[in-house]
Amino acid sequence: MKVSGFSYIRNGFTYGYPFLQSIQSILPICDEFVMAVGNSTDGTREAIVNLQSPKIKIIDTVWDENLREGGKIFAQQANIALDGISGDWGFHIQADEVIHEKDLDTLYAAMQRYKDNFEIEGFLLQFLNFFGSYQYIGNTRRWHRKEIRIIRNNGKLNVRSFRDSQGFRKYPSMEAYTGGHKGIKLHVKELEVPVYHYSYVRPPQLMQQKAKYFHSFWHDDKWVEANVKAKEFDYYQVDDLRKFTGTHPNLMREIVAAQNWEFDINKIRRSFTPRERFLFLVEKYTGVRIGEYKNYKRI
């Protein structure tokens, strides 16, 4: 069995992505790791090279600044890396996601167990979405709880990154994909393994810069200037959070210990609409998330 990791990044240092930790977190169970590295100006590419791993293959790319509808640039970059892998399984990890070292054996064993069971087209992982501080995670419906992160690398499936690279779907043909086919959900096995997602834990000023950069691939300049005005990101404009009681991956502990901004959970404004509050309470007391978006078919 061969396992291929794949991801994409551009100017990772500038926007505070833990991309080196991300790569290294799954490298032990990968036979190769394909990284699409966009035209960066902050030493991102050089840092990946300096990891000095023979498993890592870099594909140099140039991001199309005009591809700004619906985050399509992210899917495009994910697909470039996907097209470069050769393993039986493709393990997609984004630049702000890290896998805990304690879960690597579980992940590898699952891929080994289902290698020849072609009914399983991928694996669904849990998500821990950190917000405001490394000690709190989002626990409402604004956060995705599960996503496909491991896919079967079978050319017959025509698997492509879906929408803004959040998940994956399969297509009747590559022509169907480029022609606008909505795709077919993958049949996946759910694993009780979390992805540590560090998208919203940066110093507030850097977080705002990252947010502005991210939105620039969804909206035009006029929208960005009108909606991302503040100098610092407002971490307190959030509906609800819960305390994280676990341990962070070893690769992240230095970064976690270096947190240099304050975050007071008592200051969050719990900005629910009446509908959101109702749905939150239903989920809190029953565990059921009504109308949850599911980009997969669970086996």
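Computed from the coordinates by the stated procedures, all read-outs in this text should not be read as laboratory data. Predicted model only: the values in this text are computed from it and were never measured. Here the Cβ positions follow ideal geometry from the backbone for every residue, glycine too, while neighbour counts run over all protein chains shown.
To check you understand DSSP bridge types, tell me what percent of the beta bridges within the chain (both residues inside) are antiparallel, rounded to 5. That works out to approximately 45 percent antiparallel. Along region 173-183 the Karplus relation, 6.51 cos²θ - 1.76 cosθ + 1.60 evaluated at θ = phi - 60°, assigns HN-Hα couplings of 6, 5, 5, 5, 4, 5, x, x, 4, 6, x Hz to successive residues, with x for each Gly and Pro. Among MET207, MET252, MET174, the largest mean-square fluctuation in a Gaussian network model of the chain (Cα springs under 10 Å) belongs to MET174. Computed from the Cβ-Cβ distance with R0 of 51 Å, the FRET efficiency linking GLN52 to SER271 stands at 0.65. If R0 equals 22 Å, the separation of the Cβ atoms of LYS222 and PHE13 corresponds to a calculated FRET efficiency of about 0.15.
Among VAL62, VAL195, VAL159, VAL238, a tally of other beta-carbon atoms within 10 Å of each Cβ gives an order, fewest to most, of VAL62, VAL238, VAL195, VAL159. Note on ASP42 and ILE255: with the Förster distance fixed at 22 Å, the Cβ-Cβ geometry gives a FRET efficiency of about 0.85. With the helix formula -39500 (n - 2.57) applied to DSSP H stretches of n ≥ 4, the chain reaches a computed 222 nm mean residue ellipticity of -7000 deg cm²/dmol.
Among ILE268, ILE99, ILE73, the residue with the largest mean-square fluctuation in a Gaussian network model of the chain, with springs joining Cα atoms closer than 10 Å, is ILE268.
Under 5 Å between amide hydrogens, built in the peptide plane, is the criterion, and for GLU32 it picks out VAL3, GLY5 among residues at least 5 positions away or on other chains. Taking the chain as a Gaussian network of alpha-carbon nodes connected by springs under 10 Å, the highest mean-square fluctuation of the residues ALA230, ALA211, ALA81 belongs to ALA230. Here the Kirkwood formula, the inverse mean of 1/r across different C-alpha pairs, assigns the chain a hydrodynamic radius of 20.1 Å. Taken about its Cα centre, the chain carries a charge dipole of about 980 debye when Lys and Arg each add +1 at the Cβ and Asp and Glu each add -1 at the Cβ. In a fully extended conformation the segment linking THR106 and VAL288 would gain 62.9 nm over its present Cα-Cα distance, using 0.36 nm per residue. Each of ASP240, ASP221 has some number of other Cβ atoms within 10 Å of its Cβ, and from fewest to most they run ASP221, ASP240.
Once the Cα-Cα distance is subtracted from the 0.36 nm per residue extended length, the GLN126 to THR245 segment shows a gain of 41.3 nm. Once both labels are positioned 7 Å from their Cα atoms along Cα-to-Cβ, the gap between ASP264 and VAL62 label points is 5.0 nm.
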